[in-house]
Structures are given as C-alpha cells and as structure tokens.
Amino acid sequence: MPRRLAILGSTGSIGVQALDVVSRSDELQVVALSASDAWETLVEQASAHGVGRIALADENAAARAAEAWTDGEVLRGPEALVELITGAQCDLVLNAIVGSAGLVPTVAALGEGIDLALANKESLVVGGELVMQLAEATGAAIIPVDSEHSALHQLLAGEPPGTVDRLIVTASGGPFRGREREQLHDVTVEEALAHPTWRMGGKITIDSATLMNKGLEVIEAHHLFGMPYERIDVVVHPQSIIHSLVALCDGATLAHLGYPDMRVPISYALHYPERVDVPVRPLDLIEQGSLSFEPVDTRTFGCLALARAAGEAGGTAPCTLNAANEVAVHAFLGGRIGFLEIAAVIERTLERQPAGRVHSFESLAAADAEARAIAGELVEAFAQNA
Ligand SMILES: NC(=O)c1ccc[n+]([C@@H]2O[C@H](COP(=O)([O-])OP(=O)(O)OC[C@H]3O[C@@H](n4cnc5c(N)ncnc54)[C@H](OP(=O)(O)O)[C@@H]3O)[C@@H](O)[C@H]2O)c1
C-alpha cells in the first residue's frame with residue numbers, strides 16, 4: 001500500500017518539486033493539498049494527482065476554487081489546514097508552507113501522531129522546544145527537508161550518542177558574498193533575489209541574501225539534533241556541493257555531497273527509511289575540480305549573529321526574531337525599506353521585546369503578534385525617513 005501523503009504549500013517551490021518526486025514514485029499517494037491563495041494552480045494539481053480534498057487559507061480564493069472545481073471538497077479559512085490534516089487519514093504530512101503560518105499545521109500533524117516531513121523551518125524556530133516535546137509525546141517522527149538538515153539526519157543516522165563533537169552547516173554566501181557592508185545600502189530586490197546556486201521562493205531567497213536563513217537553520221539544527229549552539233558551526237561554501245558535515249570524537253569528519261537539487265532531500269524525507277531513484281546528475285568531482293570554504297563575514301551579514309543570540313537567549317526570543325524578520329523581508333520585497341534595514345528592524349524589535357518564558361503555544365502566538373506590531377512601527381519609521 002502506498003503511503004498517504006498530505007502536501008501543505010503545494011503551490012510553492014518545495015511543494016511543486018515534491019509533486020514531481022511523488023509523480024515518479026509508486027510508494028506515495030497524495031490525498032490532500034493546500035495553498036494560501038493560488039487556487040487555480042492548486043485545482044490543477046488536485047486534478048492532475050487525483051486528490052479529493054484541498055484547503056485554501058484565503059476565503060475568497062477558496063470560494064472561487066469551490067465554484068470552479070466540483071470533483072472534490074474545498075476547505076477554507078484559518079482552521080482549514082487543521083481540518084485537512086485531521087480528516088485526511090494520512091500517514092505523512094509534508095509541511096512546505098513559508099513562515100510562522102506553518103506552526104499550527106506542524107502542531108496538528110504531530111499532535112495526531114502523524115509523521116512530518118518538515119520544510120517549514122520556521123515551525124522549529126518559533127516553537128522548537130514545544131514542537132520537539134510534542135513529537136516525543138506522540139511518537140511522530142520529524143524528518144527534515146532542508147538540505148543541510150537532511151544531510152545531518154543522514155550523517156548522524158549511524159552514530160551512537162556521545163560520538164558527535166560538532167555539526168558544521170554550509171552556506172552558499174548568497175548573491176552578496178564578498179561585498180562590504182557599505183556596498184549593500186542600495187542593492188535592489190532583483191539583485192537580492194538572484195541566488196547563485198538555489199532556485200527557491202521569495203522569502204527564503206531574501207533570507208539567504210541576508211544570511212538569516214543560516215541563522216534560522218542553526219536554531220533548527222539545535223532543536224532537531226539536540227546540539228548546544230556553541231557546537232554548531234557555519235562555514236561559507238559557495239559551490240553548495242557539501243550540504244553539511246559532522247565532526248566526530250575520534251577526529252573523523254563526515255560530509256554529505258551532491259549537486260544542489262531539492263528533490264534529493266524531499267525524496268529522502270518522503271520515503272524514509274527507504275531510498276528510491278531520483279533523476280539527478282551523479283556528482284562528478286573531476287568536472288567540479290575544486291571546492292572552497294570561507295568564514296562568514298558577520299559584520300556585513302548581521303542577521304546570522306542576531307539569530308544565534310536569539311537562539312541562545314531562548315524563550316520567546318527566536319519567535320520575536322522570526323516575526324520581525326518576516327515583517328522586514330515583506331517590507332523589503334515591497335520596496336518600503338532597504339536591504340540593510342532588514343537587520344536593523346530585527347535588532348530593534350529584539351531590543352524592545354526582551355525574551356519571555358514560553359508556557360504554551362498561546363504564549364508564542366502572543367509574542368509573535370507583539371513582535372509584528374513593533375516591527376511594523378519600525379518599518380513605518382524607516383519608510384518615512386527614506
Ligand atoms: N525553496 C527551497 O528550496 C527551500 C529549501 C529549504 C527549505 N525551504 C523552506 O520551505 C518552506 C517553503 O519554502 P518555498 O521556497 O517553497 O516557499 P514558497 O515558494 O513561497 O511557497 C510557499 C507555500 O506556502 C503557501 N503559503 C504561504 N503563506 C501561507 C499561509 N499563511 N497559510 C497557508 N499557506 C501559505 C503558499 O501558497 P500560495 O502559492 O497560494 O501563496 C505556497 O504554497 C519555507 O519554510 C522555506 O524556508 C525551502
């Protein structure tokens with residue numbers, strides 16, 4: 001019997017690549033799909049994959065989908081994702097939603113004891129401790145989709161506890177690698193969206209340009225693998241061939257290599273613990289010739305240090321960091337603030353909202369809302385002074 005799979009965020013970059021993986025696999029059957037408002041694409045996907053239930057977060061988009069598509073059920077609104085997950089009788093959920101909107105469905109899937117293929121790193125950044133506790137309580141597995149964490153998951157699989165010294169996560173460096181801070185004042189949205197090695201959605205591409213993406217990944221690795229922050233390193237590796245490394249207690253260091261193609265970690269997460277064929281080019285080291293490495297320039301790319309500090313502070317700090325980042329990136333993409341002001345908005349939001357204790361998912365929702373309000377005010381101030 002194929003595994004019954006729900007794909008949340010199926011109209012995005014990861015979602016579309018996941019459907020490509022599924023279309024080549026006999027092991028998987030898609031039973032539910034969701035999007036925010038891209039209803040036409042979602043309906044096309046549902047028809048192409050014989051899916052009977054879809055959900056749209058946007059009410060208007062859901063109403064239009066329900067009018068146009070009568071072959072199945074259209075769920076709508078804020079509760080739609082939870083309803084989709086709990087009603088789909090699925091074995092596995094792929095959460096490929098962007099942003100902290102992914103936290104509620106992560107909690108819904110894990111709460112039901114359903115295994116989770118997790119692309120939505122923001123779920124772990126915002127609610128890492130509670131999310132990991134929930135998975136442990138229900139026995140649901142979290143299999144990372146992020147290429148760095150997929151690599152770590154594979155490298156750590158055979159290692160008994162106590163043998164791992166350090167996790168080393170690689171970063172491409174993004175489109176502005178090698179530039180000084182002073183050269184980033186006037187960069188455009190188009191320049192920031194031109195990632196050198198990965199083709200991804202808009203938000204993560206900007207996060208890659210600021211290196212916030214690497215900061216979010218350090219927090220993600222901390223929660224997924226229970227590793228203290230001081231034992232998680234980041235190294236810039238512009239070719240994106242090595243996805244992560246694990247340094248062991250006996251002096252050996254293991255690395256995971258491959259050309260950058262998200263279908264590889266997506267396929268790993270969807271088929272785990274099995275492996276299936278993925279039509280990617282085998283790595284040719286002779287053709288590649290050389291691999292290079294550099295330290296991160298934290299003066300120019302302040303977001304990585306902000307994320308690390310928020311992770312170490314713990315409590316609501318990573319939630320505040322994430323909310324401020326989402327607001328600032330949205331404002332940058334909309335042309336309201338400059339590139340360097342993204343880090344400034346996040347830093348000042350963190351200063352104005354000190355870390356509080358996390359008692360429940362409700363306390364995270366409150367911290368998220370408060371941080372968004374503060375970050376929104378800061379964006380307004382920057383936009384007026386521009
Ligand atoms: N892209 C990559 O290569 C990559 C690699 C590693 C990790 N990730 C992580 O994977 C996640 C998805 O990234 P992506 O690049 O695929 O993003 P994306 O292309 O922007 O797609 C996001 C998906 O989420 C849906 N969505 C957006 N806001 C939503 C909301 N409020 N409620 C419900 N659904 C919502 C979108 O629907 P609409 O189409 O209707 O807007 C779309 O289906 C992110 O957390 C990212 O950090 C991505």
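Mean separation of Cα pairs under 8 Å and 6+ residues apart, divided by the residue count of the stretch 26-151: what relative contact order is that in percent?
Relative contact order here is 17 percent.
On the accessible surface of the stretch 1-63, probed at 1.4 Å, how many percent belong to carbon and sulfur atoms? Provide the component values of the computation, followed by the final result.
Values: 1220 of 2690 Å².
So the carbon and sulfur contribution to the accessible surface is 45 percent.
I'd like the distance between the alpha-carbon centres of the stretch 271-305 and the stretch 194-244, rounded to an integer number of Å.
Going from one Cα centre to the other spans 10 Å.
What shape does the stretch 61-214 take by its C-alpha gyration tensor, where a ≥ b ≥ c are the square roots of the eigenvalues and a/c under 1.5 counts as rounded, a/b above b/c as prolate, and the rest as oblate? Spell out each step's value before the answer.
Numbers: a/c = 2.58, a/b = 1.22, b/c = 2.12.
Oblate is the answer for the stretch 61-214, as a/c is 1.5 or above yet b/c matches or exceeds a/b.
What distance in nm separates the simple spin-label points at Val189 and Asp250, each placed 7 Å from Cα in the Cβ direction?
Each label point is offset 7 Å from its Cα along the Cβ direction, giving 5.4 nm.
For the chain, what is the relative contact order in percent, using Cα pairs closer than 8 Å and at least 6 residues apart in sequence?
Values: 716 pairs, mean separation 54.7, N = 386.
Computed value for the chain: 14 percent relative contact order.
Can you compute the FRET efficiency between Gln133 and Ala365 using 1/(1 + (r/R0)^6), with r the Cβ-Cβ distance and R0 = 25 Å? Round to the nearest 0.05. Numbers along the way, then the final one.
Values: r = 17 Å, r/R0 = 0.69.
That gives a FRET efficiency of 0.90.
Calculate, in nm to one decimal, what Arg24 and Val235 gain on full extension: separation in residues at 0.36 nm each, minus their alpha carbon distance.
Details: separation 211, 0.36 × 211 = 75.96 nm, distance 3.44 nm.
So the extension gain works out to 72.5 nm.
Between rounded, prolate and oblate, where does the chain land on the alpha carbon gyration tensor, with a ≥ b ≥ c its root eigenvalues, rounded for a/c under 1.5, else prolate if a/b exceeds b/c? Intermediate values should be presented prior to the final figure.
Working: a/c = 1.41, a/b = 1.12, b/c = 1.26.
Here the chain falls in the rounded category.
For the stretch 92-189, give the percent of accessible area contributed by carbon and sulfur heavy atoms, probe 1.4 Å, rounded to a whole number. If you can, show how the numbers build up before the last one.
Details: 1670 of 3440 Å².
Reported share for carbon and sulfur atoms: 48 percent.
Go through Ala192, Val264, Phe361 and say which Cα lies farthest out towards the positive end of the charge dipole of the chain; charges sit on Cβ, +1 for Lys and Arg, -1 for Asp and Glu.
Of the options given, the answer is Ala192.
Over the Cα atoms of the stretch 30-82, how large are the radius of gyration and the largest Cα-Cα distance (Dmax), in Å?
Spelled out, the Cα radius of gyration and Dmax of the stretch 30-82 are 9.3, 26 Å.
For the stretch 255-375, with only Lys/Arg (+1) and Asp/Glu (-1) charged at the beta-carbon, what is the dipole magnitude about the Cα centre, in debye rounded to 20? Mind dumping the intermediate values first?
Working: 10 positive and 15 negative charges, 56 e Å.
It comes to approximately 260 debye.
Please work out whether the stretch 76-124 counts as rounded, prolate or oblate from its C-alpha gyration tensor, where a ≥ b ≥ c are the square roots of the eigenvalues and a/c under 1.5 means rounded, while otherwise a/b larger than b/c means prolate and anything else oblate?
Because a/c hits 1.5 or more and a/b fails to exceed b/c, the stretch 76-124 counts as oblate.
At 222 nm, what value in deg cm²/dmol follows for the chain if DSSP H runs of at least 4 each add -39500 (n - 2.57) and the sum is divided by all its residues, to the nearest 500? Kindly include the intermediate steps, with their values, before the conclusion.
Values: 16 runs with 186 residues, N = 386.
After summing the helix terms and dividing by residue count, I get -15000 deg cm²/dmol.
Suppose we keep just the DSSP beta bridges with both residues in the chain; what percent of those would be antiparallel, to 5? Walk me through the numbers on the way to the answer.
Numbers: 11 of 41 bridges.
Bridges in the chain that DSSP calls antiparallel: roughly 25 percent.
Per residue, how much accessible area does the stretch 201-246 have with a 1.4 Å probe, in Å²?
Numbers: 970 Å² over 46 residues.
Result: 21 Å² of accessible area for each residue.
Could you give the accessible area per residue of the stretch 3-66, probe 1.4 Å, as a whole number in Å²? Can you show the working numbers first?
Working: 2590 Å² over 64 residues.
That works out to 41 Å² per residue.
Go ahead and run the numbers for FRET between Asp277 and Val16, Cβ-Cβ distance against an R0 of 25 Å, rounding to 0.05.
Numbers: r = 20 Å, r/R0 = 0.78.
With a Förster radius of 25 Å, E is 0.80.
Using the beta-carbon distance between Glu380 and Ser292 and R0 = 45 Å, what value does 1/(1 + (r/R0)^6) give for FRET efficiency, to the nearest 0.05?
0.60
So, counting K/R as plus one and D/E as minus one, what does the shell of residues with Cβ under 10 Å around Val278 add up to?
Working: positive: Arg24, Arg263, Arg275; negative: Asp20, Asp261, Asp277.
Every neighbour counted, the sum reads 0.
When the dipole is taken about the Cα centre of the chain, and only Lys, Arg (+1) and Asp, Glu (-1) are charged at their Cβ, what size is it in debye, to the nearest 20?
Values: 25 positive and 51 negative charges, 59 e Å.
With only Lys, Arg, Asp and Glu charged at Cβ, the dipole is about 280 debye.
For the stretch 198-278, which trypsin sites (Lys or Arg not before Pro) pass both filters: DSSP loop (anything but H, G, I, E, B) and at most 12 other C-beta atoms within 10 Å? Display every interim value, and only then the final one.
Details: sites: Arg199, Lys203, Lys214, Arg231, Arg263, Arg275; in loops: Arg199, Arg275.
When the trypsin sites (Lys or Arg not before Pro) of the stretch 198-278 are filtered for loop state and at most 12 Cβ neighbours within 10 Å, Arg199, Arg275 remain.
Please give, to one decimal in nm, the separation of the simple spin-label points placed at Arg357 and Glu67, each 7 Å out from Cα toward the Cβ.
If labels sit at Arg357 and Glu67, their model points lie 5.2 nm apart.
The values are calculated or read from the model by the stated rules, or taken from the named source; none is laboratory data. Owing to the predicted nature of the structure, the values given are computational and were not obtained by experimental measurement. Heads up, the Cβs are rebuilt from the backbone with ideal geometry, glycines too, and the neighbour counts pull from every protein chain shown. Accessible surface is based on the protein model in full, side chains and every heavy atom, while ligands, DNA and RNA are left aside. Shrake-Rupley method; radii C 1.70, N 1.55, O 1.52, S 1.80 Å.
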